[in-house]
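Okay, so here's the structure we're looking at.
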Amino acid sequence: MPKAIMGGYQSRHPSPYLMSRPDGLSNYVLLIIRSGGEFQLDGYAYTVRPGSALIVAPGTAYYYGKPDGDYVDDWLHFTVSESSLTQRIRRMANTPFSVGNMELYTFCIRQILWELSYGHPDYAQENMDSLFGLLFNHLFAAWQAGDTTEAESAYYDGLQMVRLDVRNHFSQPHSIEELSGRLGISASYFQYLYKKHFGVSFHHDLIQMRIEQAEYTLLTSSLTIEQVAEFCGYSSEVHFYRQFKKVTGITPARFRREAGYLKEK
């Protein structure tokens, strides 16, 4: 796993700001770029927009700054031993890419730095390993989604919150018109972005959330099937039966009966 050296979060540098490392460093550098800026890496120039990430590989000559305003970023210097994670980090290195929820990365970096300096000696390294795993899994997912346009990625954070809110309130009625209005976009564009980012339409995602909850409730409660249907957001027991069977291949009653039989065995 990676080992943290030092870092900072929401660091602000007044204009004009320039960091110059013509010989590079012996370690990796992660930058979560909040303000945008101008970068040069191994002779290649990049204009980096806010909400981007950059991993600089060891030995890379680089320069960066922001000549026309304050430069703001989260940053982390780290080493990493040879592993499958090393290969993923190398694939991401030396090219800026867009990320979604910057607050997630800030949280990870801030907590890694806390554990590095003040963590309980019995748990600090284990906690940092978990945080590094969370951090780089999300970075790799963002890097893999590099074909998303700037306009589309601008709505990703909002879509994530919508999806989480819907899952947290799946029993309530949800309309695409209401949800798209929260993001200030049309219903058709909302449906396009939802499918592009999550790989499933909103309608089918909501059905899956409700059926998954119905399965769990059927197995873990004594509620009647009518009560389960209402609990999972269905105003009609018939509609619940039909949708449950379409997704699972069996009726709710049979699901509960067969699952109970298997538990007894």
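The values are calculated or read from the model by the stated rules, or taken from the named source; none is laboratory data. Predicted model only: the values in this text are computed from it and were never measured. FYI the Cβ positions are ideal-geometry reconstructions off the backbone, even for glycines, and counts take in every protein chain you see. Surface areas here come from the heavy atoms of the whole protein model, side chains and all, with no ligands, DNA or RNA. Shrake-Rupley method; radii C 1.70, N 1.55, O 1.52, S 1.80 Å.
Some values worked out for this structure:
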item: Segment residue 172-residue 235, extension gain: residue separation times 0.36 nm, minus the distance between their alpha carbons; result: 21.7 nm
item: Extension gain (nm, one decimal) between residue 245 and residue 95, 0.36 nm per residue minus Cα-Cα; result: 49.2 nm
item: Potential lengthening between residue 130 and residue 83 on full extension [0.36 nm per residue; Cα-Cα distance subtracted]; result: 15.4 nm
item: Residues residue 13 and residue 106, FRET efficiency given R0 of 22 Å [Cβ-Cβ distance, rounded to 0.05]; result: 0.85
item: Within the chain: Cβ-based charge dipole about Cα centre, in debye rounded to nearest 20 (Lys, Arg +1; Asp, Glu -1); result: 720
item: Relative packing of peptides 183-189, 49-55 - highest average C-beta neighbours within 10 Å first; result: 49-55, 183-189
item: Label of the coordinate-derived value, percent of Cα pairs over 22 Å apart, listed as (i) 66; (ii) 52; (iii) 61; result: (i)
item: Per residue accessible area in Å² of the chain, where ligands, DNA and RNA are left out and the probe is 1.4 Å; result: 55
item: Members of 3/66; 66/196; 195/246; 196/245 lying beyond 31 Å, as alpha-carbon distances in this model show; result: 66/196
item: Carbon + sulfur, % of accessible area of the chain - ligands and nucleic acids excluded, 1.4 Å; result: 51
